[in-house]
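Since the structure comes first, as structure tokens, the remarks are kept for the end.
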Amino acid sequence: MGVGPVLVVLAVAAGAFAQSISGFGFSLIATPACALLLGPWHGLRAAATMAVAVDGLVLARERHDFDPVVLRRLVGPALAVVPAAIGLALLAPGKLLLVTAATVTLAAVGLMATQQHRLAPPLPGGSRDWMWAGMASSAMGVTAGMAGPPVALQALRSGRPVTESRATLAAFFLVIDLAAVLTRGPMALDRSTIVLVAGGLAGYAAGGIASHHVPDQVVRTAVLVLAAAAAIALLVQTGTT
């Protein structure tokens with residue numbers, strides 16, 4: 001296995017770790033890496049398939065803590081934009097989608113970084129902000145495999161502790177990632193994907209252990225740094241191909 005595949009496995013493990021410990025981060029970190037190695041279509045398909053598995057594992061572990069009110073406010077608007085997002089995913093050039101996703105991710109990272117020290121008061125479950133976040137995440141997730149930024153930013157702005165957000169975010173991302181898988185189909189099961197899945201499972205397990213010991217602030221900062229690095233790498237790669 002060359003350096004590139006090893007880095008992708010590490011990115012998948014890091015993404016699963018972030019998702020397990022914070023409720024978001026898998027697509028932010030893993031999708032750019034998968035797209036770099038496998039190309040736009042197959043990379044997004046692989047990342048979405050693995051994201052479904054990670055979402056399901058986090059939701060199963062945290063199922064008693066999710067907020068059904070916030071989840072309803074997210075899922076309803078998100079599902080409303082899925083048909084249009086599927087059409088765009090099937091028609092738009094893969095390179096354009098990846099560049100857009102990487103650019104939006106960098107913008108979201110910048111916003112989340114500035115918001116970490118200026119958290120808004122907790123928002124009610126019926127806030128329009130959650131509705132718009134759900135719609136934006138759905139569009140990004142189905143078209144470019146990057147569902148995380150809008151909802152992650154909203155969760156951060158809400159001032160909710162990570163422990164209260166993990167299950168709700170996992171349930172929401174599960175819906176969006178399933179829509180992405182239905183759009184592109186599941187990834188083929190071969191030796192390389194088995195290695196990627198193993199990396200994801202290892203990252204998820206490590207995140208479950210670390211979630212009891214690592215402060216929220218450290219988790220958020222680490223996710224932002226890794227997401228920014230992955231997005232920059234993707235922009236560099238797409239600009240040279």
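Tell me, what HN-Hα J-couplings in whole Hz come from the Karplus equation 6.51 cos²θ - 1.76 cosθ + 1.60 at θ = phi - 60° for each residue of the range 61-70, using x for Gly and Pro?
6, 10, 4, 7, 10, 6, 9, x, 5, 5
Once you put a point 7 Å from the Cα of Leu111 and another 7 Å from the Cα of Arg61, both along the Cβ direction, what distance in nm separates them?
2.8
Evaluate the distance, in nm, between pseudo-label points positioned 7 Å from the Cα of Leu91 and of Leu7 along their respective Cα→Cβ axes.
Each label point lies 7 Å from its Cα, and together they span 3.5 nm.
Length gain on complete extension for the stretch His212 to Asp190, per 0.36 nm per residue less the alpha carbon to alpha carbon distance? Intermediate results must be reported in sequence, preceding the final value.
Working: separation 22, 0.36 × 22 = 7.92 nm, distance 3.43 nm.
Computed gain between His212 and Asp190 is 4.5 nm.
Run the simple label-point estimate for Ala80 and Ala198 please: 7 Å along Cα→C-beta, distance reported in nm.
Calculated label separation equals 4.6 nm.
Subtracting the Cα-Cα distance from 0.36 nm times the residue separation, let me have the gained length for Arg72 to Ala205 in nm, one decimal. Don't skip to the end; give the middle numbers.
Numbers: separation 133, 0.36 × 133 = 47.88 nm, distance 2.82 nm.
Length gained, Arg72 through Ala205: 45.1 nm.
We did not get these values from a lab; they are worked out from the coordinates using the rules stated. The shown structure was predicted, so the numbers you read here are calculated from the model rather than taken from an experiment. As a convention, Cβ positions derive from the backbone with ideal geometry for all residues, glycine included, and neighbour counts pool all protein chains shown.
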